[in-house]
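First the structure, in the form of structure tokens, and then the observations on it.
The values are calculated or read from the model by the stated rules, or taken from the named source; none is laboratory data. The structure presented is a predicted model; accordingly, all values stated were derived computationally and were not measured. Heads up, the Cβs are rebuilt from the backbone with ideal geometry, glycines too, and the neighbour counts pull from every protein chain shown. All accessible areas refer to the heavy atoms of the entire protein, side chains included, with ligands and DNA or RNA removed. Shrake-Rupley method; radii C 1.70, N 1.55, O 1.52, S 1.80 Å.
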Amino acid sequence: MTDLRVLPPGTPAALAIRNIRIAWIIALVFVLVTTLWPRLSIGSGESPIDKLIHAAAFGVLAALFVYTRWLRSLWWSLLFMIAVAALDEVLQMIPQLGRSADLDDWGADVVGIAIALAFCMAARPVGAGASRLVGQRRSIAADLLFVQPTAWLHLATVAALGFAAGAPLGVLLDSWFIRKGPQPWQYGFIGGMLGMAVGVHALWEAGVRARVRRAISEHPCLACGASSPLTAPAVADVGTEFSNTPASATNHCTRCGTPRRATDWAPIAPLQASAELGACLLPILLSTVALVVLSVTFITIVTTLRLRSDFVLRIDTWYQMLPADARILGDIATVALIGACGLAACRRRIAARVDQCGASCLGCGFDLRATTPTAIAGTCHECGGGFVRIATATPSTLPERNA
Ligand SMILES: [Zn+2]
Ligand SMILES: [Zn+2]
């Protein structure tokens, strides 16, 4: 992740982090106020979606916290957020508030935090060469979006619309297929959260891609996002073939001093959809198999050992006594954690293909090894798509960031 000390204040990357921090503090205050407000009935034990709300609120808070970049390690972020959730429950023990601390609520918070951080972990930068570069471009494009208040407004609007569209779908699904929910609110809430996630992700992806396209002509600095004009040709990386060492480091970012390379914003043909799908097939298949095997094993263990083992019986009784939304949350966590592993595997496999960028065209698969590019960026003879050649041996000079 970016070391804040090397980001000069006022650069887009620094402003983006500041905005994310403000958003996190607002979200934290909102969560604390709603959980600690004296005798507020929403989210109390009687609500059928209490545990789901707890998990969703702390999940969003945890995901946002990772991007504040206050803590570098995701594991420390996990511990910190678990502590914040515990503090929230402990504060509810203050008698004047008329609330009560609940271990189950804290458990729901932790499940939400774990799901969010599993996806943050799956979204970490992967690959070494071209895929690392693509990740850096997306990361700085994201920062350039986070700087704009309108981007936040659009995200909030789409989140609300996504919830409004997903909630009725969840209720319909409940009444058509599941018919188990004691109240439609549980699946309504889940549908709303899924609708929100789909809407935010779609808008986000579209925004980042559009920003990357714009940046290709603007050449912002990959480290800080500042777009100072190129005073001299960007570092061309000529010299030894496949070398990433600047032959003449003539152009540096005027704000943060990071060298600017010819490859930074050289056009790269996007990876073919079929290649992307091909890379994802195995992880998707394995995740599905893992989910089925896990469920069958779990049901088998419970049904066969229930009457023979006191321990299993006690666990099963405890599970059956849980409120319906807590059990639903358990199912969601299982699916989400396996899904996050699958997503991480998909991203690693796609990155491995993107890293072959200089050897075979990402757009058409054409063998590029005989193609001499002008610098270390070039154009495919077959489809006209761009490519870059990056030595993977030399580690990038840019700090690692979360996209
Ligand atoms: Zn810079
Ligand atoms: Zn091509």
If you go through the range 366-379, how many residues are open to solvent by 10 Å² or more (accessible area, probe 1.4 Å), over 21 Å from Gly135 (Cα atoms) and at pLDDT 85 or above? 2
Any residue in the range 268-288 that is modelled with pLDDT under 95, touching a strand residue (DSSP E or B) at 6+ places or on another chain (Cβ under 9 Å) and open to solvent by less than 50 Å² (accessible area, probe 1.4 Å)? yes
Looking at the range 96-138, which of its residues are part of a loop (DSSP other than H, G, I, E, B) and open to solvent by less than 20 Å² (accessible area, probe 1.4 Å)? Gly129
Those residues of the range 323-365 which are in contact with a strand residue (DSSP E or B) (Cβ under 9 Å, 6 or more places away or on another chain), surrounded by fewer than 18 Cβ atoms within 10 Å (Cβ to Cβ) and within 16 Å of Pro270 (Cβ to Cβ) amount to Ser360
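Residue by residue, here is whether (1) away from ligand 2 (no atom under 14 Å from the Cβ); (2) charged (D, E, K, R) holds:
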site: Val312; (1), (2): yes, no
site: Ala326; (1), (2): yes, no
site: Val335; (1), (2): yes, no
site: Asp367; (1), (2): no, yes
site: Gly378; (1), (2): no, no
Given the options Asp264, Asp316, name the one that is among the acidic types (Asp, Glu) and either farther than 20 Å from Leu103 by Cβ or modelled with pLDDT of 90 or more (or both). Asp264
Are any residues in the range 37-52 modelled with pLDDT of 80 or more and either surrounded by fewer than 14 Cβ atoms within 10 Å (Cβ to Cβ) or of a type in the set (A, V, I, L, M, F, W, C) (or both), and if so, which ones? Ile49, Leu52
Any idea which of Gln148, Gln186 is buried (at least 19 other Cβ atoms within 10 Å of the Cβ) and either under 17 Å from the mean Cα position of the chain (by Cα) or not assigned by TED's automatic domain parsing to the domain that holds Arg347 (or both)? Gln186
